[in-house]
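A short worksheet on the structure shown next.
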Amino acid sequence: MKPSAFEYETPERTDEALELLARDPEETKVLAGGQSLVPLLNFRLARPDRLVDLNGVGELAYLRRDDGALRIGAMTRQATLERSSIVEERWPLLKQAIRLVAHPQIRNRGTVGGSAAHADPAAELPVALTALDATFHIRSARGSRAVPARDFFLQPLMSAIEPGELLVEIETLPMAANSGTAFVEYARRHGDFALGGAAVVLEHEDDGSIGRAAIALLGAGPTPLRASAAEAALVGATVDEASAAEVAALAVEDVRPTGDIHGSAEYRQGLLRSLVRQALLQAAQVPRAA
Ligand code: FAD
């Protein structure tokens, strides 16, 4: 099928894009890498009157370290994140997650902002950004606001971005020294959307115990979920086979995934428990040097 007709705008600056978005917010869509939006247009599941193509807005494509934090411009390609040595050294969870996203061709076009804004519950980046307590910087012609990850992903394919708004930047805080991270998932074929996944960050104390933990789940519900009780249980503990299995059981205790033809709810819950256990053991083995 072909998309229904739309006006096509090609701004070169963020302010220009915001002005175009403000003209008719409800009927305007932003085009980033197009890897999710173009199929939706082709199937006429999205029928905007106007498309604002951000690919000419160079000022939205950057990776910057600022006071220890990582600032990612919304139009940064997923492949740029994947190849960044800063990301590999300082925010390894992002690299561990991004290499599981689709295939290289898709990561070359797909953007970090597009993946976040699309809010697919089976997408890896939203889960990694949730584990990292990222902040999402949103602008419109009226002003700007910052939304923490826990309030950003609202429903499947729905984020906190309102009509007329643009996600401009994602910010992740510095990771503590001696942190270990892991992103583990299961997909039926490499590059497919995963049936389940787990992102783990463990901050190690000098004595080897855990000072702080973050566990975010993929495929456990309509949005990325933090396993808060399991995180709390890890503080002051050490991770070994037995404790990883116990904490993984706690992480999925209250989780009720939706079953479908690819796996029942019970299968998915068991899968998540196994993935959390694996991610905990991996993250425990790779404390990052200070
Ligand atoms: P687009 O498709 O251009 O936009 C997606 C949505 O976000 C649109 O509604 C658009 O209006 C909105 N949007 C984009 N940027 C902004 C912004 N800055 N501000 C406000 N709204 C914005 N993803 C995974 O995570 N894991 C996978 O395994 C995976 N497999 C895939 C397999 C295939 C075959 C394909 C085609 C895609 C797959 N994807 C997967 C999706 C891919 O990662 C997309 O790149 C991503 O979901 C959307 O990014 P995009 O830049 O292409 O956004």
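Mind putting a number on the dipole of region 1-84 about its Cα centre? Charges go on the C-beta only, +1 for Lys and Arg and -1 for Asp and Glu, and I need it in Debye to the nearest 20. Mind dumping the intermediate values first?
Details: 12 positive and 15 negative charges, 100 e Å.
The dipole magnitude comes to about 480 debye.
Working out 0.36 nm times the residue gap between residue 85 and residue 207, then minus their Cα-Cα distance, what length gain in nm do you get to one decimal?
Working: separation 122, 0.36 × 122 = 43.92 nm, distance 2.91 nm.
Here the segment from residue 85 to residue 207 would lengthen by 41.0 nm.
Please sort 219-226, 274-281 by packing, taking for each peptide the average over its residues of neighbouring beta carbons within 10 angstrom, highest first. Before the final figure, lay out each step's value.
On the way: 219-226: 21.5, 274-281: 24.4.
In descending order of packing, they fall as 274-281, 219-226.
Long-range amide H contacts for residue 159: which residues qualify at under 5 Å (H placed 1.01 Å from N, peptide plane, sequence gap of 5 or more or a different chain)?
Those lying under 5 Å, H to H, from residue 159 are 154.
Using the Karplus curve 6.51 cos²θ - 1.76 cosθ + 1.60 with θ = phi - 60°, work out ³J(HN,Hα) for each residue of region 105-113 in order, rounded to whole Hz, and write x for Gly and Pro.
Once rounded to whole Hz, the list reads 4, 6, 5, 5, 9, x, 10, 5, x.
Can you run phi through the Karplus equation (6.51, -1.76, 1.60; θ = phi - 60°) for region 163-169 and list ³J(HN,Hα) in whole Hz, with x for Gly and Pro?
After applying 6.51 cos²θ - 1.76 cosθ + 1.60, I find x, x, 9, 10, 6, 10, 7 Hz.
What does a probe at residue 187 reach in region 113-151, counting residues whose amide N is under 16 Å from the point 7 Å along Cα→Cβ?
115-116, 119-128
Given 41, 56, 239, which one lies farthest toward the positive end of the charge dipole of the chain, if we put +1 on the Cβ of every Lys and Arg and -1 on the Cβ of every Asp and Glu?
The listed residue farthest towards the positive side: 41.
Counting other Cβ atoms within 10 Å, keep those with at most 11, restrict to DSSP loop, and tell me which trypsin sites (Lys or Arg not before Pro) in region 96-158 are left. Don't skip to the end; give the middle numbers.
On the way: sites: 99, 107, 109, 139, 142, 145, 150; in loops: 99, 142.
Answer in residue order: 142.
What is region 163-277 by shape, rounded, prolate or oblate, if you read a ≥ b ≥ c off the alpha carbon gyration tensor as root eigenvalues and call it rounded for a/c under 1.5, prolate for a/b larger than b/c, and oblate otherwise? Don't jump to the answer; show the numbers that get you there.
On the way: a/c = 2.01, a/b = 1.18, b/c = 1.70.
Oblate shape, in that a/c is at least 1.5 and b/c is the bigger or equal ratio.
With the crude spin-label approximation of a point 7 Å out along Cα→Cβ, what separation in nm comes out for residue 15 versus residue 157?
Distance between the two pseudo-spin positions: 3.6 nm.
If you roll a 1.4 Å probe over the chain with all protein chains in place, what percent of the accessible area is carbon or sulfur?
Working: 6630 of 13620 Å².
Roughly 49 percent of what the probe reaches on the chain is carbon or sulfur.
If you place +1 on the Cβ of every Lys and Arg, -1 on the Cβ of every Asp and Glu, and leave all else neutral, what size is the dipole of region 164-290 about its Cα centre, to the nearest 20 Debye? Mind showing how you got there, number by number?
Details: 9 positive and 17 negative charges, 84 e Å.
Roughly 400 debye, rounded to the nearest 20.
List, in order, the whole-Hz ³J(HN,Hα) value for each residue of region 184-192 obtained from phi through the Karplus relation with A = 6.51, B = -1.76, C = 1.60 and θ = phi - 60°; use x for Gly and Pro.
So the J values, rounded to whole Hz, are 10, 8, 10, 10, 5, 9, 4, x, 6.
Show me the helices of the chain, taken as full DSSP H stretches, that run 24 Å or more along their long axis by Cα and average -1.0 or above in Kyte-Doolittle hydropathy. List each step's numbers first, then the result.
Values: long enough: 265-285 (30 Å, -0.15).
Those that clear 24 Å and a mean of -1.0 are 265-285.
What full-extension length gain, to one decimal in nm, is calculated for residue 4 and residue 47 as 0.36 nm per residue of separation minus the Cα-Cα distance?
Values: separation 43, 0.36 × 43 = 15.48 nm, distance 0.62 nm.
Taking 0.36 nm per residue and subtracting the Cα distance, the gain is 14.9 nm.
Can you tell me which of 197, 270, 113 moves the most in a GNM of the chain? Springs connect C-alpha atoms under 10 Å apart.
Comparing 197, 270, 113 in the GNM, the peak value goes to 270.
The values are calculated or read from the model by the stated rules, or taken from the named source; none is laboratory data. Predicted model, so just to flag it, every value in this text is computed and none were measured. Glycine gets a Cβ as well: all are built from the backbone with ideal geometry, and neighbour counts include every protein chain shown. With ligands, DNA and RNA removed, areas are computed over all heavy atoms of the protein, side chains included. Shrake-Rupley method; radii C 1.70, N 1.55, O 1.52, S 1.80 Å.
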